[in-house]
Amino acid sequence: MIRGSKLRLSSQGLARLEEDGFSRLDSLVRWPPPPNAAGIVLARDGSMLLLGYAIKPSGPLLGLPDRPMDDSSGVIKSSTGNEGGGSNWRWAVSKEAGPTWWDLETKRRTIAPSVASSSTLAAWMEQPKVMGVVRAKLLDDQTPWPMGVGSWFESLPTGQWPELPLSLKDGEFILGRAGNSGPSVKPRGGVHARAGKRADQSLILKTVSSEVICLADSSLVDLEPKPLPNRILWHWLKQIHPRLSKLLIDERFERLIIDIDQKRSNLLTRKLSLDFPAKTWSSKQSLHLDSTGVSLRAARSILTYLLDERDEPMVIHWRWSGQKEELHRLTSDSRCRLILTERSSLPLPFTLSSKEKIGHFTLELPGRIKVPITLDLQSRTIPSDWVEPKTPLELIKGNSSNPETPKNRRQAIWTACSLGQPNDIWADKIEGSYPLAACGEGLGIR
């Protein structure tokens with residue numbers, strides 16, 4: 001067997017795996033669970049976990065505490081063994097689509113319990129004897145997790161979000177949110193995004209293309225096409241005449257610029273129109289390079305120009321068949337923020353794949369760990385024509401949650417306007433620097 005290769009289970013192997021999960025559940029659980037318990041650790045091997053859940057988990061991203069509950073009282077134990085005190089939390093991600101649910105009395109598979117957990121002991125004891133088994137992996141396998149087999153744990157408190165691993169939080173840009181409304185994901189390294197649906201492609205590009213070079217069809221990013229930098233033409237000529245010296249390419253480049261300015265029609269300008277249909281040219285640089293209708297040779301010319309002459313981070317929508325050396329050169333460049341393709345495979349540390357629901361993606365990390373990601377463009381992008389409210393009473397309630405720490409006053413007020421519900425923790429944090437935003441969060445949207 002090759003180390004790191006993917007294993008595919010037969011139906012018999014999968015059945016045995018599920019039976020093993022139930023066997024561990026049956027041997028460890030004494031009904032009822034501790035009051036308000038969410039789940040129990042059934043087995044673990046390093047960062048790989050087998051968890052039993054008494055309630056339905058909120059999603060594939062699982063919040064886990066570092067302190068167990070008392071088996072009888074349900075009170076959180078402190079690190080010294082005493083009761084009381086809060087917990088630190090960390091993330092695990094489910095390795096399966098959802099829990100496998102078991103009826104502990106009949107010892108048969110069943111459906112998820114429909115009764116929500118109750119705070120009263122009587123209601124808790126009367127709930128169906130149903131639990132689910134989940135195979136999961138800790139996102140951060142560098143920090144030891146002190147929970148042992150047989151430890152019961154509570155649910156992640158509402159509004160509390162564990163820290164993500166460094167590889168997901170110390171990057172240069174925000175890709176999206178972990179889960180549906182979790183902490184911001186800022187990947188440390190380039191991302192290969194694979195999306196075939198145009199709506200997903202547009203959302204990805206508009207989310208990550210702020211203040212970077214973006215090579216994409218203008219219709220995908222809702223921008224008016226601008227003239228392309230004429231230095232691209234130098235690299236286009238080099239594509240056509242790879243053996244010519246730099247001096248001869250320079251001479252042809254100067255003549256081509258004159259021909260374009262004077263709208264001359266000749267063999268070279270007609271060839272240019274075929275590779276760059278309906279494009280205009282300028283001596284100025286631009287962050288958005290419209291790739292609508294351009295040929296593979298034109299795309300290679302643009303990419304070579306970017307790699308050789310520009311310093312900004314890059315977002316590239318590569319829609320041409322065949323992966324040329326320029327694209328692979330970009331994958332090993334620190335300026336590579338994201339490359340979007342429909343299929344293919346690129347040697348980048350992160351892979352973003354679209355799911356059936358628009359705006360929902362899976363981010364695959366090194367080690368084949370998959371984290372659910374939600375892209376929410378509206379809550380993080382400030383429209384250029386947005387007018388800041390002057391008083392708290394002018395704030396209009398939004399629908400976002402889990403706000404970021406703002407970098408400036410305008411972002412703080414925009415965030416306050418975007419919130420769907422009051423967030424006292426966020427307001428207290430920013431009150432000293434941005435009092436209007438903090439006051440508005442407390443008054444204007446309630």
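Among 129-135, 422-428, 151-157, the peptide with the highest mean count of other Cβ atoms within 10 Å heads the list, and the full ranking is 129-135, 151-157, 422-428. Candidate cross-link partners of Lys56 among the aspartates and glutamates, defined by an alpha-carbon separation under 19 Å and a same-chain spacing of 8 or more, comprise Glu18, Asp26, Glu96, Asp103, Glu105, Glu126, Glu154. Set the bar at 23 Å for Cα to Cα. Now go through Lys226/Lys263; Lys186/Lys279; Lys197/Lys370; Lys169/Lys370; Lys206/Lys263 and name every pair that lies beyond it. Cα-Cα > 23 Å for Lys186/Lys279; Lys206/Lys263; rest within.
Which FRET efficiency, nearest 0.05, do Ser295 and Thr158 yield, Cβ-Cβ r, R0 60 Å? That pair, Ser295 with Thr158, gives E of 0.70.
What shape does region 190-261 take by its C-alpha gyration tensor, where a ≥ b ≥ c are the square roots of the eigenvalues and a/c under 1.5 counts as rounded, a/b above b/c as prolate, and the rest as oblate? It comes out prolate by the Cα gyration axes.
Put simply, the amide H of Val191, placed in the peptide plane, has neighbours under 5 Å in Leu338, Ile339, leaving out anything fewer than 5 places away on its chain.
Read-outs: derived from the displayed coordinates by stated rules, not from any lab. Owing to the predicted nature of the structure, the values given are computational and were not obtained by experimental measurement. Please note: Cβ atoms are built from the backbone with ideal geometry, for glycine as well, and neighbour counts cover all protein chains shown.
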